[in-house]
Amino acid sequence: MLEVTDAVVRYGAITALHGITFEVNEGEIVTLLGANGAGKSTTLRMVSGLQPPVSGSITFRGRDISRTRAHDFAKLGVSHVPEGRRIFPQMSVEENLEMGAFRRRGSTSEDLEGIYETFPILKERRKQLGSNLSGGEQQMLAIGRALMSRPTLLLLDEPSMGLAPMIVDTIFRIIGEIRAAGTTVLLVEQNAAHALRLADRGYVLENGRIVLSGPSSELLVDPRVRAVYLGEDVEAGS
Amino acid sequence: MREFFQRAPIRRLLVILGVVLVVELITGPPGSNEHPVAGFTGSYHEAASYFGLFRTQRWVVFLTLALVAWGITEFWNWRGPTIRARASDALAGPRQVGEKRPVRVGFALVLLVLAILLPHIVNNAFWQSALVTYVAIYVLLAIGLNVVVGFAGLLDLGYVAFYAIGAYTTAWVTGALPTPPPFGHALDAFWAIPFAVVFVVIAGVLLGAPTLRLRGDYLAIVTLGFGEIITIFANNLYGITGGSTGTKQIPHPVFHVGPIKYTWGLAPVPYYYLALGSVVLFLIIFSLLQRSRVGRAWTAIREDEVAAESLGINPLKFKVMAFAVGAASAGFAGVITASADNFLFPSSFTLTFSINILVLVILGGMGSISGVVVGAVIIQVVQAYLNHTPPAGYQQPDLYIYVGALLITMMIFRPAGLIPSRQRRREITLYEKSHEGHPDEALLGDDV
């Protein structure tokens, strides 16, 4: 569905991604793991057009999208939930969700019902302002808003950031449900254990390069992953 | 002793005394060798003309003022919260009625009828012309700038440029400039309107397309530069714009279509109706836009540009649109001013002018159309009054001191403006419900 080949991203003189190659197949949950500054968010920003690559190619359903501008991605069926949630603080929950359907004509009431079914708390809070929600509710709102454009590929940037463990469980359960409903998910996470338990496959980024990849079950037992990202002692882990 | 000065009421008294001292010095007569403290003591003559009731030295008057102000502050600290709560309870009903659409439309119609009758109510030559030159033109400019600053959140410090382009287009179309008019012969000033609108919209797009990728302060500086460039062009392109002397030959507008012919003359009232008509037209256009898809896109961009972009909104497109739409009303204002005044100088289009308009928008409430109109009317009427019948010692530039002080006071007590936009107002009520704090904290602590 999504293929990235030898993509290089630079911020001015600094190279953030040194030619990375990965793919996401239809119906999968794929996770990108890595430490701070490894290039996870950059990868996501690149895939959604916010930071176009200087070289390399990105194809989505056989179509080159490396030069497509960010605001045209919604039309393609790619929806990005940016890092830090970025909901509209002075719009109500419902208005936030409506904004998600900006590029779509026609009624949104059915989609709203769907979102409220997935996130009942948002229905309760639908008249409240975005800024008055808790962190977890804001994350749900950000995901709900992205789903309003009926994406086929959902890009999630650190959905667990700054959330209580219980809320993280809920969010991850819902990501699973979203996939079950037919949306492919590319998930960037620091919470490697959680992400790998949910995902089908994973890639490990280090300093702008992919150093490891494979099915989640293999990565979960890989000694390097266990040592670096699951915080276990190498010997104890193996 | 030290403890005494640290008590809150005493500290407030000291602050008020300090502020009053500064005000007294600013408004007082300048000192001289013979009267070094004239700013405080003033003269008996001046004191008499200040109030007319009693003859005393200035410092007595100001000390009394300070004590009264302190009394009010202390009373408000003591009873204020109760009064505020009771007022908000009492207003809840009327406010709900006021939110209903038919009520709002009815209220707007009543105001419109009042505005139509106004020149006959004041029935005074100065005020009839002030309604055009001080009020209507500025309302037109303020609601246009509100689209750029309030709706789309773009700080434009060169708004005067669009006003200038509108005015110069009028001069060009009517053959008052050294440049030959379009199609070789001069047209009526009325036909300058379509030309002016097209030109300012083009200017808005030309300025916007390359610069609106910038954000915040950077954009403000570029627009400031644009305003200066237009003024300098007008000043220096002698063969095209008439240079620093401008032109004094702009004819009054004539509306002439088929059998209908109407000529605007020297009397201000017909210009008032022309300006009022434009204000109403733009009020309708802007409020429809605000509620449309475009308006929602502007709100989204203002609140979070990256999020808006990832939801499929093209930020550049909508920002350029805001610039062009906002410029249109300034173009109108330029046409009306130029053809009413008959003359035109580059020196009237200054940075100060842009900032004045911005102040009207901020005081009224950014993003709130009704607030901006009310704010502009109040400030401009007060300004016209002060220029017409200045109190003792008042000079025109003094206005900036008072407007500056008013701005600072507003930022402390009512940061969202006189009539905050619907969104801001809703935020305040929600905040009051969820927290027991000062409602304005919701607006100050905007760290999301």
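Each value in this text was obtained by applying a stated rule to the coordinates, not by laboratory testing. Since we're looking at a predicted model, the values are computed, not measured. Methodologically, a virtual Cβ is constructed for each residue, glycine included, from the backbone with ideal geometry; neighbour enumeration extends over all protein chains shown.
Given R₀ = 22 Å, what would the calculated FRET efficiency be for A:S55 paired with A:E206, taking r from the Cβ atoms and rounding to 0.05? Don't jump to the answer; show the numbers that get you there.
Working: r = 20 Å, r/R0 = 0.93.
That gives a FRET efficiency of 0.60.
Computed from phi, the 3J(HN,Hα) profile of segment B:315-325 under the Karplus parametrisation 6.51, -1.76, 1.60 (θ = phi - 60°) reads x, 4, 4, 6, 5, 4, 4, 4, 4, 5, 5 Hz, with x in place of Gly and Pro.
Of the three principal axes defined by the Cα atoms of segment B:131-401, the extents in descending order read 53, 53, 40 Å. Listing A:Y203, B:Y168, B:Y394 from fewest to most neighbouring C-beta atoms within 10 Å gives B:Y394, A:Y203, B:Y168.
Quick check on chain A: take the gyration tensor over C-alpha atoms, sort the square-rooted eigenvalues as a ≥ b ≥ c, and tell me if it's rounded (a/c under 1.5), prolate or oblate.
Working: a/c = 1.85, a/b = 1.30, b/c = 1.42.
Oblate, because a/c is 1.5 or more while a/b does not exceed b/c.
Inter-part distance, segment A:155-172 to segment B:325-365, computed on C-alpha centroids, equals 51 Å. With a cut-off of 10 Å between beta carbons, the residues surrounding A:N25 carry a summed charge of -4, where Lys and Arg count +1 and Asp and Glu -1.
Relative contact order of chain B, taken over Cα pairs closer than 8 Å and 6 or more residues apart, is 20 percent.
The modelled label-to-label distance for the pair A:E117/B:K261, using points 7 Å beyond Cα in the direction of Cβ, is 7.2 nm.
What shape does the protein assembly as shown have by the C-alpha gyration tensor, where a ≥ b ≥ c are the square roots of the eigenvalues, rounded means a/c under 1.5, and otherwise prolate means a/b greater than b/c and oblate the rest? Prolate is the answer for the protein assembly as shown, as a/c is 1.5 or above and a/b outweighs b/c.
About its Cα centre, the dipole of segment B:131-401 is roughly 460 debye, where the only charges are +1 on Lys and Arg Cβ and -1 on Asp and Glu Cβ. Can you compute the label reach from B:V122? Point 7 Å from Cα along the Cβ direction, backbone N cut-off under 15 Å, restricted to segment B:262-290. Output list for this probe position: B:267-277.
Remark: segment B:240-397 carries a charge dipole of roughly 300 debye about the Cα centre, counting +1 on each Lys and Arg Cβ and -1 on each Asp and Glu Cβ.
Phi-derived couplings, Karplus 6.51 cos²θ - 1.76 cosθ + 1.60 at θ = phi - 60°, listed residue by residue for segment A:115-123: 5, 5, 5, 5, 10, x, 4, 5, 5 Hz, with x used for Gly and Pro.
Diffusion coefficient of segment B:84-223 by Stokes-Einstein, Kirkwood radius over Cα pairs, 4 °C, 1.567 mPa s: 68 µm²/s. Within the listed set B:P390, B:P81, B:P259, the residue fluctuating most in the Gaussian network model of chain B (springs between alpha-carbon atoms under 10 angstrom) is B:P259.
Each residue in B:F226, B:F5 was given a count of other beta-carbon atoms within 10 angstrom of its own, and listing them fewest first yields B:F5, B:F226.
Sorting A:M148, A:M1 by the number of Cβ atoms found within 10 Å of their own Cβ, with the fewest placed first, yields A:M1, A:M148.
What the Cβ-Cβ distance of B:R293 and B:L109 gives, at R0 = 30 Å and to the nearest 0.05, is a FRET efficiency of 0.65. Amide H contacts of B:L344: B:T247, each under 5 Å away and 5 or more positions distant or on a separate chain (H built 1.01 Å from N in the peptide plane; Pro and chain starts excluded).
Please get the size of the charge dipole for the protein assembly as shown, origin at its Cα centre, with Cβ charges of +1 on Lys and Arg and -1 on Asp and Glu, quoted in debye to the nearest 20. If you can, show how the numbers build up before the last one.
Values: 55 positive and 53 negative charges, 335 e Å.
Magnitude of the dipole: close to 1620 debye.
Within 10 Å of the Cβ of each residue in A:67-73, the mean number of Cβ atoms contributed by other protein chains is 4. Of B:S310, B:S292, B:S339, the residue with the greatest mean-square motion in the GNM of chain B, using alpha carbon springs below 10 Å, is B:S310.
Roughly what % antiparallel, to the nearest 5, for the DSSP beta bridges in the protein assembly as shown? Each step should come with its number before you reach the end.
Numbers: 27 of 46 bridges.
Just about 60 percent of them are antiparallel.
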